[in-house]
1. I'm trying to understand the selection: among the residues of segment 167-190, which are open to solvent by 30 Å² or more (accessible area, probe 1.4 Å), outside any helix (DSSP H, G or I) and without any contact (Cβ under 8 Å) to a residue 60 or more places away in the chain?
2. Could you check how many residues of segment 89-111 are open to solvent by less than 50 Å² (accessible area, probe 1.4 Å) and either assigned to a loop (DSSP other than H, G, I, E, B) or touching a helix residue (DSSP H, G or I) at 6+ places or on another chain (Cβ under 7 Å) (or both)?
3. Look at segment 197-209 and say how many of its residues are farther than 19 Å from residue 118 by Cα and touching a helix residue (DSSP H, G or I) at 6+ places or on another chain (Cβ under 6 Å).
4. For the subset of segment 221-240 comprising residues that are part of a strand (DSSP E or B) and over 22 Å from residue 61 (Cβ atoms), which member is nearest to the chain's Cα centre (by Cα)?
5. Quick check on residue 166: is it touching a Gly at 6+ places or on another chain (Cβ under 8 Å) and among the hydrophobic types (A, V, I, L, M, F, W, C)?
6. Return the residues of segment 32-51 that are part of a helix (DSSP H, G or I) and within 30 Å of the chain's Cα centre (by Cα); say none if nothing qualifies.
7. With 93, 66 as the choices, which residue is farther than 18 Å from residue 192 by Cβ and hydrophobic (A, V, I, L, M, F, W, C)?
Amino acid sequence: MIESRTNIRNPNSIELVNVKGLYKKFCSNTKYNMIYGMQEIAADTLSLNKPSKTLRKHEFWALNDLNFSLYSNEITALLGVNGCGKTTLIRMLAGIYDTKIGQITYNKDVKKVCSVFAIKSGLNQYLTGVQNIFLKGAYFGMTKEEIEEKLEFISQLSGLGKHLNAPLGKYSSGMQTRLAMSVAMSVDCDVLFIDEGFSFSDPGFKERCFDHLRVTYRNNHKALVFASHHVHKIEELASRVILLDKGKFIDSTYDVSAGVEQYVDLCR
């Protein structure tokens, strides 16, 4: 493990998430994956399933002994080439994948955690933009009252205005992305995870999102973690970089430019 080149952290930040000895393995063979799955279900039923660090045939480590913390008032970029474990890590942090080996511990003050993956999932082409806002908001765990309070914010951020009363099927792909991402931006959570969610091309919308994220997650004791391959977006938004390679922790630095350089070197 390479030590961080810098150790500059906001003096007002607090630890929100601690990751200790985290492992995750998968099976690359469909037949063996089904066999192992049935074996684990049977062992769980009999309370005999004990986590093992031994790899069985066709298994590989997607994450291998990760140890780090996430802090408030920070926007952390997860970097690494395809297959390095970024999406797996985000899904484990968000509670989508179970944790069998290692620990993910949240500060008691963390009340709500949200994750953004396939940004347009859950949208209905036959409903209006406004109706889809309520649908997508519910997807993120927002109440009807919370969504109503955020309608003006979503309208302004998305820039969709009168289009919100039209069926989503009349929207372009970019307009649908702006609507869905604006709902995600409106969620009031303590820790937000975004996996490749900044793939929109509208520069004005991107800047509005980035401005909102900087204000929200570099203050107010919240944290944002995002995975992306877009170097310029990382340098614009991140205050910290965590670098992964083949499931292993490589570096953590607050020197974002240096972190991006390391990532570029890994891609060569």
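The values are calculated or read from the model by the stated rules, or taken from the named source; none is laboratory data. Since we're looking at a predicted model, the values are computed, not measured. We place every Cβ from the backbone using ideal geometry, glycine too, and count neighbours over all the protein chains shown. Just so you know, the surface numbers come from the protein's heavy atoms only, side chains and all, with ligands and any DNA or RNA stripped out. Shrake-Rupley method; radii C 1.70, N 1.55, O 1.52, S 1.80 Å.
1. Of everything in segment 167-190, those that are open to solvent by 30 Å² or more (accessible area, probe 1.4 Å), outside any helix (DSSP H, G or I) and without any contact (Cβ under 8 Å) to a residue 60 or more places away in the chain turn out to be 167, 172.
2. 4
3. The initial filter retains those residues of segment 197-209 that are farther than 19 Å from residue 118 by Cα, namely 203-204, 207-208.
With touching a helix residue (DSSP H, G or I) at 6+ places or on another chain (Cβ under 6 Å) added as a condition, the list becomes 208.
Going through segment 197-209 one residue at a time, the tally reaches 1.
4. Applying the filter and picking the extreme gives 226.
5. Against the criterion (touching a Gly at 6+ places or on another chain (Cβ under 8 Å) and among the hydrophobic types (A, V, I, L, M, F, W, C)), residue 166 qualifies.
6. 32, 33, 34, 36, 37, 38, 40, 41, 44
7. 66
Residues are listed down the side, and each one gets a yes or a no for (1) without any contact (Cβ under 8 Å) to a residue 40 or more places away in the chain; (2) surrounded by 22 or more Cβ atoms within 10 Å (Cβ to Cβ):
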position	(1), (2)
225	no, yes
235	yes, no
242	no, yes
248	no, no
255	no, no
258	no, no
263	no, yes
